[in-house]
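Report on the structure given below.
The values are calculated or read from the model by the stated rules, or taken from the named source; none is laboratory data. Note that the structure is a prediction, hence the values are computed from the model and not measured. Because the Cβ atoms are built from the backbone with ideal geometry, glycine has one as well, and the counts that use them run over all protein chains shown.
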Amino acid sequence: MTVDSADSTAAAQKAQPPRKRAAAKKSAKKSPGKTAAASGTEQLVQLLTPEGERVKSAEYDKYVTDITDDALRDLYRDMVMARRFDAEAVTLQRQGELGLWPSLLGQEAAQVGSGRATRDDDYVFPTYREHGVAWCRGVDPTNLLGMFRGVNNGGWDPNTNNFHLYTIVIGSQTLHATGYAMGVAKDGADSAVIAYFGDGASSQGDVAESFTFSAVYNAPVVFFCQNNQWAISEPTEKQTRVPLYQRAQGYGFPGVRVDGNDVLAVLAVTRWALQRARDGEGPTLVEAFTYRMGAHTTSDDPTKYRADEERASWEAKDPILRLRTYLETHTDTDAAFFTDLDAESETLGKRVREAVRAMPDPDRMAMFENAYADGHALVDEERAQFAAYQASFADGEV
Ligand SMILES: Cc1ncc(C[n+]2csc(CCOP(=O)(O)OP(=O)(O)O)c2C)c(N)n1
Ligand SMILES: [Mg+2]
């Protein structure tokens, strides 16, 4: 089924001071492109409504015929565990155990649906917010926290789970993914690549270059854009005058907008897109229409730039709640399933907390390692300088 997607524009305008709001209204009137991009009247693929009702899709049902009630419970569990882990990380940051944390709150369905659509031999290039995808790929959640505690530069071996390191430089991983996918095609492998990025990243030149190269070289890559409506304090209508999924058309490959808070629809659409890639049909753009329920990171205060009503309207579309309603209403899922899961997620929270606190501080000289594979004269000089500086302290400690 396709339905009208939600509109964040009105609420975003309300968050502005009156004068700015009037100017925004005026320019929206003047600019039909802007209105079209942000109006939310676009169609999006949905299989599970916010009220927890299953709706039919002639196009996409066939991609989820294997999803039994047990499989739905597994998806539900993934989302609950991802949210619980994320909440623990936010708390750890607030208590000074992490330097920063980018929360995934609200984006669990987009991440779990797409993450579970991937095969083990596929390769994933995340941004910095894909904790739910990492969970699906089997990366131990505690490994995600080292970089945010400042004790390592990544925290996991990308090739163990085919899950690349987090990338902070906005959009650059789409180029890495495209290059990797071109390599996959040259190898004649039938695996696919998926690159995650945000609505803000869609404005980056790197993303445009990735679209061009992947289209021209027919690279087996899925561009998975989580349109969470905000790029820090910039709303999506500041990024584009057409709905983001329509960008693909200009590059010559398909784009589709999916309800990013509907785990089943995201699973179906991403499976479709990955299969196209494997079948040699080239790239696809998936725009998962979702919402960043929390702050951009723990350093951000969204009350400064967006209205409370906007968040409230998205709370009604919560990805976890809608699947819970479906499970409770249409399956034989008993109360014990939910209470057991609560207990399991608490155990995860505790494990993560203990693991973070136990992370050893890195050797101070370690920061000079891994910048160059074979070393570099300048780095050698800096290393020697820093070692001498440390040795200048009477007790050898800085
Ligand atoms: C090249 C680059 N420019 C700017 C930044 C600063 N920055 C960090 S996150 C961000 C917004 C990204 O928004 P979006 O792509 O929508 O992803 P989201 O954070 O919403 O998941 C910006 C501008 C950066 N990290 N890299
Ligand atoms: Mg965003």
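Restricting to segment 90-99, and then to whatever is in a helix (DSSP H, G or I) and over 17 Å from the mean Cα position of the chain (by Cα), can you tell me which residue is nearest to His330 (Cα to Cα)?
Going through segment 90-99, the residues in a helix (DSSP H, G or I) turn out to be 90-94.
From the residues that got through so far, the ones that are over 17 Å from the mean Cα position of the chain (by Cα) too are 91-94.
Working: Thr91: 35, Leu92: 37, Gln93: 39, Arg94: 39 Å.
For segment 90-99, the residue satisfying everything is Thr91.
Quick one: would you say Val256 is within 19 Å of Ala192 (Cα to Cα) and of a type in the set (A, V, I, L, M)? So that I can check it myself, show each step before the final result.
Numbers: within 19 Å of Ala192 (Cα to Cα): yes; of a type in the set (A, V, I, L, M): yes.
For Val256, the condition - within 19 Å of Ala192 (Cα to Cα) and of a type in the set (A, V, I, L, M) - is met.
Which one is surrounded by the most Cβ atoms within 10 Å (Cβ to Cβ), of the residues in segment 137-147 that are assigned to a helix (DSSP H, G or I) and free of Cβ contacts under 8 Å to residues at least 60 places away in the same chain? Give the derivation first.
Here is the first cut: in segment 137-147, the ones assigned to a helix (DSSP H, G or I) are 137, 141-144, 146-147.
Those left that are additionally free of Cβ contacts under 8 Å to residues at least 60 places away in the same chain: 137, 143-144, 147.
Numbers: Arg137: 21, Asn143: 18, Leu144: 24, Met147: 20.
Only one residue tops the list, namely Leu144.
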Inset, instruction - Give segment 319-356 a look and list any residue that's in a loop (DSSP other than H, G, I, E, B) and either within 27 Å of the chain's Cα centre (by Cα) or touching a residue at least 60 places away in the same chain (Cβ under 8 Å) (or both), or say none. - result: Thr331, Asp332, Thr333
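Take Val242 and decide whether it is in contact with a strand residue (DSSP E or B) (Cβ under 6 Å, 6 or more places away or on another chain) and either polar (S, T, N, Q) or assigned by TED's automatic domain parsing to the domain that holds Asp301 (or both).
Working: in contact with a strand residue (DSSP E or B) (Cβ under 6 Å, 6 or more places away or on another chain): no; either polar (S, T, N, Q) or assigned by TED's automatic domain parsing to the domain that holds Asp301 (or both): yes.
In short, no.
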Legend entry - Criterion: of a type in the set (Gly, Ala, Ser), in a helix (DSSP H, G or I) and farther than 19 Å from Leu274 by Cβ - qualifying residue of Ala134, Ala87: Ala87
Legend entry - Candidate set from segment 222-272 (those that are in contact with a Pro (Cβ under 8 Å, 6 or more places away or on another chain) and among the hydrophobic types (A, V, I, L, M, F, W, C)); member that is farthest from ligand 1 (Cβ to nearest atom): Phe253
Inset, instruction - Kindly provide the set of residues from segment 277-320 that are within 14 Å of ligand 1 (Cβ to nearest atom) and either among the aliphatic types (A, V, I, L, M) or in contact with a Leu (Cβ under 7 Å, 6 or more places away or on another chain) (or both), ordered by number. - result: Glu287, Ala288, Phe289, Met293, Gly294, Ala295, Thr297, Thr298, Ser299
Inset, instruction - Determine which single condition Gly282 fails, assuming it passes every other condition in (1) small (Gly, Ala, Ser); (2) under 19 Å from the mean Cα position of the chain (by Cα); (3) outside any helix (DSSP H, G or I). - result: (2)
Inset, instruction - Consider only pairs whose beta carbons are under 8 Å apart and that are at least six residues apart or on different chains; among these, list those whose first residue lies in segment 376-392 and is under 12 Å from Met365 (Cα atoms) and whose second residue is charged (D, E, K, R). - result: Phe386/Arg364; Gln390/Arg364; Gln390/Glu397
Inset, instruction - Return yes or no: is Ala134 more than 16 Å from ligand 2 (Cβ to nearest atom), within 28 Å of Ala358 (Cβ to Cβ) and touching a His at 6+ places or on another chain (Cβ under 8 Å)? - result: no
Legend entry - Of the criteria (1) closer than 22 Å to Asn152 by Cβ; (2) surrounded by 13 or more Cβ atoms within 10 Å (Cβ to Cβ); (3) of a type outside the set (D, E, K, R), which one Leu285 fails: (1)
Inset, instruction - Can you confirm whether segment 205-221 contains a residue that is within 16 Å of ligand 1 (Cβ to nearest atom) and within 19 Å of Ala109 (Cβ to Cβ)? - result: no
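Out of all the residues in segment 100-111, is one or more surrounded by fewer than 21 Cβ atoms within 10 Å (Cβ to Cβ) and not in a loop (DSSP other than H, G, I, E, B)?
To start, the set of residues in segment 100-111 that are surrounded by fewer than 21 Cβ atoms within 10 Å (Cβ to Cβ) comprises 100, 105.
Then drop every residue that is not not in a loop (DSSP other than H, G, I, E, B), which leaves none.
No, because not a single residue in segment 100-111 is surrounded by fewer than 21 Cβ atoms within 10 Å (Cβ to Cβ) and not in a loop (DSSP other than H, G, I, E, B).
Which one of Ala82, Ala71 is within 23 Å of Ala273 (Cβ to Cβ), assigned by TED's automatic domain parsing to the domain that holds Ser114 and within 21 Å of the chain's Cα centre (by Cα)?
Values: Ala71 fails: within 21 Å of the chain's Cα centre (by Cα).
Testing whether each residue is within 23 Å of Ala273 (Cβ to Cβ), assigned by TED's automatic domain parsing to the domain that holds Ser114 and within 21 Å of the chain's Cα centre (by Cα) leaves just Ala82.
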Legend entry - Hits in segment 79-96 - residues which are buried (at least 17 other Cβ atoms within 10 Å of the Cβ) and farther than 22 Å from Asp342 by Cβ: Gln93
